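Q: Supplied in structure tokens, the structure appears directly below.
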Ligand SMILES: C[S@@+](CC[C@H](N)C(=O)[O-])C[C@H]1O[C@@H](n2cnc3c(N)ncnc32)[C@H](O)[C@@H]1O
């Protein structure tokens, strides 16, 4: 099979039926999030949340960074996969959204693993670099304002340890990446990021055409020099 199977609503429903393991806590957080006008557009699909949890577990990550908390659905999926003593720093420009997630994080018993930092993510990343140092992060998920994605990518790459994994959401950006008429700053930034990622020999990468496009970028380990 060398082609992409189109995902109809019916096939997505089947996919969910046979693969989604969303428990009541996550489902209730999703329901509460979807009451807000932008909720459904902003949060990750539950399948993506489940994938994030699996990736955190697969990489054995102990220190996770998230850029773009919103109501904390993706935060909860990742925090649950941390080992004892693991830590997740998540940041958002406003505390209006993350505080909605807190009771759900508490109900899931992972609130003590999650630290929310409020402010512009560029400043939060700079502070984190000062505090924790380069190559201190095992796993990062980027899902905030699109216009800053190229900056988030570069700053997060500094923070990421060799063989650490970065996941970037919305890399197909509602299909706008292939629309020549779409010249807005968000779409332009995502296009810039995608070509940067394609050509960047600091990472191994794969773009999944799942949800709104999810790119996985694993930081390459430094090769020992020949001399
Ligand atoms: C797409 S939502 C994140 C969704 C979340 N990952 C989830 O699955 O529920 C993007 C979030 O980024 C935040 N944001 C926007 N600009 C930001 C900035 N400059 N710094 C930090 N957060 C920002 C927004 O407030 C919003 O909550």
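Q: Residue 99 passes all but one of (1) touching a strand residue (DSSP E or B) at 6+ places or on another chain (Cβ under 9 Å); (2) surrounded by 24 or more Cβ atoms within 10 Å (Cβ to Cβ); (3) farther than 21 Å from residue 161 by Cα; which number fails?
A: It is condition (2) that residue 99 fails.
Q: Restricting to the stretch 73-85, and then to whatever is out of contact with any strand residue (DSSP E or B) (no Cβ under 7 Å at 6 or more places or on another chain) and touching a residue at least 12 places away in the same chain (Cβ under 8 Å), can you tell me which residue is nearest to residue 167 (Cα to Cα)?
A: 77
Q: Given 166, 207, which one is within 16 Å of the ligand (Cβ to nearest atom) and modelled with pLDDT of 95 or more?
A: None of the other options fit; the residue is 166.
Q: Just a yes or no: is a residue in the stretch 143-150 under 22 Å from residue 60 (Cα atoms), touching a helix residue (DSSP H, G or I) at 6+ places or on another chain (Cβ under 6 Å) and buried (at least 21 other Cβ atoms within 10 Å of the Cβ)?
A: Within the stretch 143-150, none of the residues are under 22 Å from residue 60 (Cα atoms), touching a helix residue (DSSP H, G or I) at 6+ places or on another chain (Cβ under 6 Å) and buried (at least 21 other Cβ atoms within 10 Å of the Cβ).
Q: Then there's this: Does the stretch 21-36 contain any residue that is modelled with pLDDT of 95 or more, surrounded by 20 or more Cβ atoms within 10 Å (Cβ to Cβ) and in contact with a strand residue (DSSP E or B) (Cβ under 9 Å, 6 or more places away or on another chain)?
A: Checking the stretch 21-36: not a single residue is modelled with pLDDT of 95 or more, surrounded by 20 or more Cβ atoms within 10 Å (Cβ to Cβ) and in contact with a strand residue (DSSP E or B) (Cβ under 9 Å, 6 or more places away or on another chain).
Q: Continuing with the same structure: All but one of (1) crowded, with 18+ Cβ neighbours inside 10 Å; (2) touching a helix residue (DSSP H, G or I) at 6+ places or on another chain (Cβ under 7 Å) hold for residue 186; state the number of the condition that does not hold.
A: Only one criterion is unmet by residue 186, namely (1).
Q: On to the next question. Restricting the stretch 1-11 to residues that are in a loop (DSSP other than H, G, I, E, B) and without any contact (Cβ under 8 Å) to a residue 40 or more places away in the chain, which is surrounded by the most Cβ atoms within 10 Å (Cβ to Cβ)?
A: 7
Q: Can I ask one more? If residue 212 satisfies all but one of (1) surrounded by 14 or more Cβ atoms within 10 Å (Cβ to Cβ); (2) farther than 30 Å from residue 4 by Cα; (3) in contact with a strand residue (DSSP E or B) (Cβ under 9 Å, 6 or more places away or on another chain), what's the number of the condition it fails?
A: (2)
Q: Please go through the stretch 12-48 and give me each residue that is near the ligand (Cβ under 10 Å from one of its atoms), without any contact (Cβ under 8 Å) to a residue 40 or more places away in the chain and touching a helix residue (DSSP H, G or I) at 6+ places or on another chain (Cβ under 6 Å), ordered by number.
A: Once the filter is applied, which keeps residues that are near the ligand (Cβ under 10 Å from one of its atoms), without any contact (Cβ under 8 Å) to a residue 40 or more places away in the chain and touching a helix residue (DSSP H, G or I) at 6+ places or on another chain (Cβ under 6 Å), the stretch 12-48 yields 39, 43.
The values are calculated or read from the model by the stated rules, or taken from the named source; none is laboratory data. The shown structure was predicted, so the numbers you read here are calculated from the model rather than taken from an experiment. Reconstructed Cβ throughout: ideal geometry from the backbone, glycine too, with neighbour counts over all protein chains shown.
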